[in-house]
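Working notes for the structure below.
The values are calculated or read from the model by the stated rules, or taken from the named source; none is laboratory data. As the structure is a computational prediction, the values presented were derived from the model and not from experiment. Heads up, the Cβs are rebuilt from the backbone with ideal geometry, glycines too, and the neighbour counts pull from every protein chain shown.
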Amino acid sequence: MTVTVPDPVEFAAVCAADGEMRLAVRHWTGGLRLGIGEAWTGFSVVDGEITAGVPTEGDGVIAIAGPMELWAPLMEAVPPRFAQISVLLALGETGLQRGRTDPLLLWQYLPAVERASELLRAPGTDRRTEVDENGPVPRHDSPVGRYIHLEIDGLDHRVYYEAAGSGIPLLCQHTAGADSLQYRHLFEVAEVTDRFRLLAYDLPFHGKSVPPVQRRWWEQTYELSGEFLRQVPVALARALELERPVFMGCSVGGLLALDLALCHPGEFRAVIALEGALHIGGNRDDFFGFWHPQVSSHSKAPMMEGLCSPTSPLPYVKEVSQLYSSGWPPAFLGDLFYYMEDYDIRDRAGEIDTGATAVHILNGEYDYTGTVEAGREAHLAIAGSTHTEMADVGHFPMHENPEVFLRYLMPILDQIEARAS
């Protein structure tokens, strides 16, 4: 495609008029310098006010440059898979040069960098910017929330969960650093709740599940281990006397799904691994901004939006990032201990007995962590498992685009119900 690099004066005017950008650059003095092929664009900032002029490299300036072939996909109306600036930065894309940019500054103003890349895109996207959830008011949504006390590692944990529906129990686990809100859309789908009893819970230290009062947890670094994590859904299912429930988890929960099938065969009649894989890996130090006293939780937002499909409805994508921005800061980085370091079943995946626990793996097209390729690898290693590639969704299918997600989930639920019969 032919890429037109915007004139710096015009681009600065567009950015200055954008409400989201104005919030992203608050308190910033410096600017953004973008090298797109041989051309340069960007803007200067003085105490949060955007002015025209591409700044020179120096204090307070974020400089990102790369060849035109790298920028061109990012500037398409609907960028292809993995073509988002936060994704490339997270992956350490060698084609993007950052010059003398301070890494801490980049973390602090990552929302502005991501928004600038969005404002560079060509017009014509068919992305939905509005969703219809209207109905009579006042009204209640379907799930009813309760608190249950579970003993885990000898400590009393007060765990929050929501439930709705009837039939086969379906236990739902959220992603790293998030909570059960991610499943709110699924609770309102009668085709699901008429046949399955949905239960979505908050992990300890997440959402409404408070830390244990018997331990001085505030003096310790939070790190989520598999040994602890596996106990939570097992203890909850047993306490609620669920008869061989189905387990569904996403991201951290998607890895946990396969972990449970391996370590607790037969405890769950089936597991549904959303964004599942045998191993993720990576270096947690690269994500120091997730818990840094000089980085706002707002900076997590563009990273999460970069994990979503560019075609997912914008209000739901923004809801994903708002949820992450509101979480306890150590939780996200601590959950990544399990996600990136502790979890690895590459050598044992073949031991999973899908006769005892059926295994279903689903991966979103735009997820750059639990990729489609990683899910396919897990499927090939686990005899009798199923694998589904979900087009037009990313890392948070049930939250970012529930309508599309249901197209892939319903056939799985049909299989589970038929097997139960």
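Summary of values
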quantity	calculated
Filtered residue count, the stretch 54-91, keeping only those that are within 24 Å of Ala301 (Cα to Cα) and charged (D, E, K, R)	2
Top-ranked residue of the stretch 58-109 - restricted to ones that are polar (S, T, N, Q), at pLDDT below 90 and within 24 Å of Gly30 (Cα to Cα), ranked as surrounded by the fewest Cβ atoms within 10 Å (Cβ to Cβ)	Gln97
Of all residues in the stretch 338-349 being of a type outside the set (D, E, K, R) and under 18 Å from Gly282 (Cα atoms), the one that is surrounded by the fewest Cβ atoms within 10 Å (Cβ to Cβ)	Met340
Scan of the stretch 101-111 for residues that are assigned to a helix (DSSP H, G or I) and polar (S, T, N, Q), ordered by number	Gln108
Wholly enclosed helices (runs of 4 or more DSSP H) of the stretch 254-350 bearing at least 3 residues farther than 19 Å from Val87 by Cβ	314-325, 329-336
Among (1) among the basic types (Lys, Arg); (2) without any contact (Cβ under 8 Å) to a residue 60 or more places away in the chain; (3) surrounded by fewer than 16 Cβ atoms within 10 Å (Cβ to Cβ), the one test that Arg215 misses	(2)
Top-ranked residue of the stretch 350-368 - restricted to ones that are surrounded by fewer than 22 Cβ atoms within 10 Å (Cβ to Cβ) and not acidic (Asp, Glu), ranked as nearest to the chain's Cα centre (by Cα)	Tyr368
Meets criteria (of a type outside the set (Asp, Glu), assigned by TED's automatic domain parsing to the domain that holds Glu319 and either surrounded by fewer than 21 Cβ atoms within 10 Å (Cβ to Cβ) or in contact with a Ser or Thr (Cβ under 6 Å, 6 or more places away or on another chain) (or both)) for Ile382	no
Residue that is nearest to the chain's Cα centre (by Cα) [pool: residues in the stretch 163-179 that are in a strand (DSSP E or B) and crowded, with 24+ Cβ neighbours inside 10 Å]	Gln173
The stretch 149-180, residues that are of a type in the set (A, V, I, L, M), in contact with a helix residue (DSSP H, G or I) (Cβ under 6 Å, 6 or more places away or on another chain) and within 26 Å of Tyr338 (Cα to Cα)	Leu150, Ile152, Leu171, Ala176, Ala178
Test result for Ala200, touching a residue at least 12 places away in the same chain (Cβ under 8 Å), assigned to a loop (DSSP other than H, G, I, E, B), in the same structural domain as Gln322 (by TED's automatic domain parsing) and hydrophobic (A, V, I, L, M, F, W, C)	no
Residue match in the stretch 272-284 (condition: crowded, with 20+ Cβ neighbours inside 10 Å, in the same structural domain as Gly375 (by TED's automatic domain parsing), farther than 24 Å from Tyr368 by Cα and in contact with an Asp or Glu (Cβ under 9 Å, 6 or more places away or on another chain))	no
Condition broken by Gln182, with the remaining ones in (1) in a helix (DSSP H, G or I); (2) farther than 24 Å from Met410 by Cα; (3) not hydroxyl-bearing (Ser, Thr, Tyr) satisfied	(2)
Extreme residue, nearest to Leu236 (Cα to Cα), among residues of the stretch 132-148 that are loosely packed, with under 10 Cβ neighbours inside 10 Å and not β-branched (Val, Ile, Thr)	His140
Output for the stretch 153-189, where each listed residue is closer than 23 Å to Arg269 by Cβ and of a type in the set (A, V, I, L, M)	Val159, Ala163, Ala164, Ile168, Leu170, Leu171, Leu186, Val189
